[in-house]
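The next block holds one structure in the form of structure tokens; read it before the comments.
The values are calculated or read from the model by the stated rules, or taken from the named source; none is laboratory data. Quantities reported herein were computed from a predicted structural model and do not represent experimental measurements. We place every Cβ from the backbone using ideal geometry, glycine too, and count neighbours over all the protein chains shown. SASA here: full protein model, heavy atoms, side chains in, ligands and nucleic acids out. Shrake-Rupley method; radii C 1.70, N 1.55, O 1.52, S 1.80 Å.
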Amino acid sequence: MVKKLFALASVTALAGLVSAVGAAGCSETVVESNPTDAGTPDAKAKADVAPGDDDDDDDSTCLSTDPIDATQFPYTKAVKSAGACTTAEAAALSAFFKTKVDAKEDVLVSEWSQEVSATCRACVFSDGAGETWTPIIVKDDKLDNVNRGGCIEILTGNEACGEAYQQVTECRLEACLIKCKTQEEFSACLQDSQAIFAGPCKDSVTKVVDVCGKALDAAETGCKGKDWTFDGPIKVQCVTGGGQVDAGDGGN
């Protein structure tokens, strides 16, 4: 069993997507920080890893080498509700999550969401079944996904870019979930973003480059979280409402 909750929330585990995408597209060398795997919360396991597949091309990694069709990962237009949350409420959500992670306790959304007003709660949390996606997608009272693509969509003014970004992020996780059998293997696999983006997620990387172009770098900077990947999306989608950056030339 491998849990991906911490990877979904950790800015370290999923850091540097833009630089890694650029490396995959331009054949440059990129060195990333190691992903952190310190004490994931005792949350519901996110995926059952496929049983022993011992014929990996490289015994040193559990990265799946088979191409992944990232279009299988759903995406819905982002919620944009400036003023739904205050800066203090966004900080309270981050602090509550940290307290639970540090204590190695389940992060129950039914408790987490009570840290903020009903208006803020409605903007931040949803089950993903509505016409728009909130920053945090919930399933069985747990964090199921972080909608980083929604933040990218708002800051680029390009829904297709947000979708492509979210899908390549999901692809990155899936590439390591397929074969990794332990949390340590999973974390180490996520570190090798160059291999992921040049291998199983190559097609989704190409799509991000083509659809987002030069807008992606500034947008990801604007969506960067201080402590967690959801910090930026909450700020942009529910506090400030974001602002459009220069779209630049697609793919250049």
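Things worth noting here:
- With all protein chains modelled, accessible area of Glu174 [1.4 Å, Å²]: 60 Å²
- Equivalent ellipsoid, the stretch 78-135 (semi-axes from 5 times Cα gyration tensor eigenvalues, Å): 21, 14, 9
- Net charge in the neighbourhood of Asp69 (other residues with Cβ under 12 Å of its Cβ; Lys, Arg +1, Asp, Glu -1) is -2.
- Nearest-10 value in Å² for the accessible area of Phe96, using the 1.4 Å probe: 30 Å²
- Neighbours of Glu115 by Cβ distance under 13 Å: Lys/Arg scored +1, Asp/Glu scored -1, total +1.
- Filter on Lys3/Lys207; Lys202/Lys235; Lys4/Lys139; Lys98/Lys181; Lys142/Lys207; Lys4/Lys104 - keep pairs with C-alpha separation over 23 Å: Lys3/Lys207; Lys202/Lys235; Lys98/Lys181; Lys142/Lys207
- Stretchable slack from Ala129 to Asp106, in nm (0.36 nm times residue separation minus alpha-carbon distance): 5.9 nm
- If the segment from Thr71 to Lys202 were pulled out straight at 0.36 nm per residue, it would be longer than the present Cα-Cα gap by 45.9 nm.
- Heavy atoms of Ser64: accessible area, 1.4 Å probe, square angstrom to 10: 0 Å²
- Of every Cα-Cα pair in the stretch 148-192, the percent that sits beyond 14 Å: 52 percent
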